[in-house]
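Trainee: Okay, here's the structure, questions in a sec.
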Amino acid sequence: MRQSQLFTKTRREAPKDEVAKNAQLLIRAGYIHKEMAGVYTFLPLGLRVLQKIEGVVRAEMDKLGREILMSSLSPQELWKQTGRLNTVDVLMRTMGANELSLAKNDASYVLNYSHEELITPIAQEFGQSYKDLPSAYYQIQTKFRNEARAKSGLLRGREFRMKDLYSFHRDETDLLRYYDQVKMSYNKIFEALGLGQDTFVTLASGGDFTTGFSHEFQTICDAGEDLIYVDRKNNIAYNKEIISEENAKKLGVDFDALEQVQACEVGNIFPLNIKFSKAFNYTYMDEKGEPQLVYMGCYGLGPSRVMGVIAEKFGDNKGLVWPESVAPFRVHLIEIANGNEEVRSEAAELYRELTAANIDVLYDDRDVRAGEKFADSDLMGIPMRIVVSEKTLAAGKFECVERASGKTDHRSLPELIGHFSHG
Ligand code: ATP
Ligand code: MG
């Protein structure tokens, strides 16, 4: 893409009320636009990153279940049925905004914060026999939560993106078998997103779903709101909320000996067991023709929060630094022409060649000072910068700078194509 056609621009300052590093960088670099606390628009660059993250998640999820897209609005009756209408402290409701609108329809609706109430009746409709189970559905969708503090940028939105997977099983054994598969898929996802090293499966409270634990995926991050106790040797962590003498005994762990770090919850998986099947009376017919309650699991992961975590963790004093797998483009091609037509046509030719080789390039074809181009490029954080200037033209090789390390070298076009087709 030509940068002159991106339309959005970088800005020197983030809004004054924006205190989170991730949002400050993402706003300044032109990835997101702040609407109000906890609510952001994804601009062209930001949407590309979000879609990359969601693509990584989708590729793994497609191995585990079928993708659907559930509604954002739902009838309050569904939430009454599970008793959650009056107990979920972040649940939001929406209705007509004025008299004219209310005169047409004065009903109000729940804005879904999670989708157990919707998916359970759907799974029930299509999964009535033991032969239909297990089944699993997932979606990647916008969620709404009335969060008390929304000061952490993409880490805590009042509107945010979630991937939610739900699975339905004949018994607890089959649920636990599937649950372990999801755990492995999540590890693969965070590995692919460049967060593998710092993301730990973390025992956390099971909520009101189960007497056991749920499993969070916690990424070490100073801006994270959770405190976790990490056992690196065994590659596991414990959320502070479960630290107790009773659990120390139950798990055989000496919590005091573990490393305590701030972390951000990027995923959370729950064995729901029969909580929702009971509420909706979802039974299936077993081999003997007897009705049995279905066992259920739910598995959440937050793509927009992950984007914020990546910005927090890898961003430096010059700007964002994207891992290759989620970067909006692989190459930032910077033309320093200063009116030299030869440089211009060389840069345009390189843009064509790289694009033809299926390499995503952002081509800075703007007529602005070199210093401004470099500063913008650092702020945007695309993994590799390639410079075309009078100097590189004379040398016959392009200057390549790695954003993360600052490592610089000089490569010819075939060397560049070779680099990208192997990496
Ligand atoms: P937290 O404890 O951080 O409020 P949660 O436990 O309420 O999160 P879940 O209901 O487990 O969140 O949601 C599944 C996933 O959705 C989380 O692991 C996280 O990645 C993401 N998520 C939850 N709330 C938000 C939010 N307000 N903004 C962005 N992402 C969120
Ligand atoms: Mg959670």
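The values are calculated or read from the model by the stated rules, or taken from the named source; none is laboratory data. What you see is a predicted model, and the numbers here were worked out from it, not measured in a lab. Cβ: placed from backbone, ideal geometry, glycine included. Neighbour counts: every protein chain shown. Ligands, DNA and RNA are excluded from the accessible area calculation, which covers all protein heavy atoms including side chains. Shrake-Rupley method; radii C 1.70, N 1.55, O 1.52, S 1.80 Å.
Trainee: Name the strands (runs of 3 or more DSSP E) wholly within segment 242-360 that hold at least 1 residues that are open to solvent by less than 20 Å² (accessible area, probe 1.4 Å)?
Mentor: Values: elements: 259-273, 283-285, 291-293, 295-301, 331-336.
Because the criterion is at least 1 residues that are open to solvent by less than 20 Å² (accessible area, probe 1.4 Å), the strands (runs of 3 or more DSSP E) in segment 242-360 that meet it are 259-273, 283-285, 295-301, 331-336.
Trainee: Right, next: What is the number of the single condition among (1) more than 23 Å from Gly308 (Cβ to Cβ); (2) modelled with pLDDT of 95 or more; (3) in contact with a Gly (Cβ under 9 Å, 6 or more places away or on another chain) that Phe276 does not meet?
Mentor: Phe276 satisfies every listed condition except (3).
Trainee: Which residue, of Phe144, Phe126, is within 11 Å of ligand 1 (Cβ to nearest atom) and either aromatic (Phe, Trp, Tyr) or open to solvent by less than 20 Å² (accessible area, probe 1.4 Å) (or both)? Walk me through it before giving the result.
Mentor: Details: Phe126 fails: within 11 Å of ligand 1 (Cβ to nearest atom).
After applying the criteria, what remains is Phe144.
Trainee: Report the residue count in segment 99-117 for those that are buried (at least 18 other Cβ atoms within 10 Å of the Cβ) and assigned to a helix (DSSP H, G or I).
Mentor: 2
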